[in-house]
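These notes concern the structure reproduced below.
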Amino acid sequence: MKTLAIHSYKGGTGKTFLAINLAAQLVELGKETVLLELDFDAPSLKTTLGIEAEKWTNDVLIRGVNIEEALVSINNFKVALSNPSIEEINKVASLRKTEYMRVLGRLLRALKKLEREGIDYVIIDTSPGVSLMTINSIAASDVVLLVMREDDIDISGTKNMIEGIYDVLGKEVYIVLNRVLRKENKEKIERELNIEVISEIRCSCDVPLWKGKIFSIENRDHPVSVGIRELSEKLISLG
Amino acid sequence: MGEDHLGVNDVRDEYNLRKLIELNNRIVNLLVDIHKKVEEISELVEAEFKTLNMQMETINEIKELFSKDEMNTLKELDPTVLLSLPDYLRKTLMELSKHEEATAETVSRNTGRSRAIESLYLNQLCRMGLARKKRVGKRVYFSLR
Ligand SMILES: Nc1ncnc2c1ncn2[C@@H]1O[C@H](COP(=O)(O)OP(=O)(O)O)[C@@H](O)[C@H]1O
Ligand SMILES: [Mg+2]
């Protein structure tokens, strides 16, 4: 089983969009896939996918609920959502720092359980930046996909994060350039961050129109969908 | 008594002298042997000192590693600790975090390293204040602090 963390330094780079569509495409390519939303600060999968849940990743990681109880089926993959209620967001925000070590333990156990179930890929939709939960998500992952917006790049902040977290934890990292308009920045970013840009996803105004649906499933031949499918194939070929 | 004739006393003197020389030679040989042995011993002692010195150096290096300020003033165990640990200890700490409590045996089963090495690392984590241990009968159980 491979665990992929979808992460970025800033918010709004397209992590959630990419996480959903990557999961859908990996399933299309025959891989058993689970999507975990571990963005407790700003949960968005529930509304983005338009689904309901009874148990949440919050329950799994904070209260020790079995991961199976939080999984909801959608489009032949399974997803566990973060609870978007204000009380829960505040609850997570007020967790003691030391509690996050227990959260890591529960996350690692949940992943182990999914591996035993025969899952091939776990995609983790993380919160941006360098919070304690992010460190946990990255520590628990095998590969990090660092999502950057071509039109809004903070190289120095991103560089600090790479050196301070990814490098220290020894993680395999690839950059996904999202919302690409000009295809001019790839080499520059690769040079400055010394990380391979594994995929460039076009910017398209069609994307935000498909809330509640899985874009790359509804629009298979769209350049954005093709880009994500090729990214999935590349990830599989990496082994 | 003529000079050509050796008297009884002369014979005894000569005999004693020869004995004395013989004895002297044996003593000299013994001393040479002893000297050789002392040299051998001093070589051995020197070699021992060298290894001892090397061991002291490693011990001091380890001590230094674990007496860094950040380690000493560490009061809370949160995930940022993962970023300040050497790889081999992070692996042990992450495995330990999966269990309420665990023996070195349990940890070693999941990290794929030997029980002895995990025991060493778990004890290091305890000394750094990141883990604690308790003995129940023959077994030692470790847990996060
Ligand atoms: N390739 C793209 N082209 C156009 N819009 C995009 C693209 N990728 C994502 N978006 C839009 O950008 C916004 C932020 O994306 P989202 O996935 O929520 O970001 P994050 O999870 O990183 O905060 C959403 O409205 C999404 O529809
Ligand atoms: Mg998001």
* Do you know which residues across region A:29-40 are surrounded by fewer than 17 Cβ atoms within 10 Å (Cβ to Cβ) and in contact with a helix residue (DSSP H, G or I) (Cβ under 8 Å, 6 or more places away or on another chain)? -> A:LEU29
* Would region A:138-155 turn up any residue that is within 11 Å of chain B (Cβ to nearest Cβ) and touching a Ser or Thr at 6+ places or on another chain (Cβ under 6 Å)? -> no
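Please count how many residues of region A:1-12 are within 10 Å of ligand 2 (Cβ to nearest atom) and crowded, with 24+ Cβ neighbours inside 10 Å.
Going through region A:1-12 one residue at a time, the tally reaches 2.
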* Asked: Does A:LEU26 satisfy being within 14 Å of ligand 2 (Cβ to nearest atom), touching a helix residue (DSSP H, G or I) at 6+ places or on another chain (Cβ under 6 Å) and hydrophobic (A, V, I, L, M, F, W, C)?
  -> no
* Flag if A:SER44 is within 16 Å of ligand 1 (Cβ to nearest atom) and open to solvent by 30 Å² or more (accessible area, probe 1.4 Å) -> yes
* Structure fact -> How many residues of region A:13-28 are open to solvent by 10 Å² or more (accessible area, probe 1.4 Å) and among the small types (Gly, Ala, Ser)? The answer is 1
* Asked: Does A:LYS171 satisfy being more than 15 Å from ligand 1 (Cβ to nearest atom), within 14 Å of another protein chain (Cβ to nearest Cβ) and within 17 Å of the chain's Cα centre (by Cα)?
  -> yes
* Asked: Pick from B:GLU39, B:GLU48, B:GLU22, B:GLU43: which is among the acidic types (Asp, Glu) and within 30 Å of B:TYR121 (Cα to Cα)?
  -> B:GLU48
* **Residues that are touching a residue at least 12 places away in the same chain (Cβ under 8 Å), closer than 24 Å to A:GLU218 by Cα, more than 8 Å from ligand 1 (Cβ to nearest atom) and outside any helix (DSSP H, G or I), drawn from region A:7-41** => A:LEU29, A:LYS31, A:GLU32, A:THR33, A:VAL34, A:LEU35, A:LEU36, A:GLU37
* Looking at A:VAL147, A:VAL173, which one is in contact with a helix residue (DSSP H, G or I) (Cβ under 7 Å, 6 or more places away or on another chain) and within 16 Å of ligand 2 (Cβ to nearest atom)? -> A:VAL147
* Which one of these is within 14 Å of another protein chain (Cβ to nearest Cβ), more than 14 Å from the chain's Cα centre (by Cα), closer than 18 Å to A:LEU104 by Cα and more than 15 Å from ligand 2 (Cβ to nearest atom): A:ILE62, A:ILE67? -> A:ILE67
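The values are calculated or read from the model by the stated rules, or taken from the named source; none is laboratory data. Being a predicted model, the structure only gives us computed values, none of them experimental. So basically every Cβ, Gly included, is an ideal-geometry build from the backbone, and we count neighbours across all protein chains shown. To get the accessible areas, we keep the full protein, side chains included, count just its heavy atoms, and leave off ligands, DNA and RNA. Shrake-Rupley method; radii C 1.70, N 1.55, O 1.52, S 1.80 Å.
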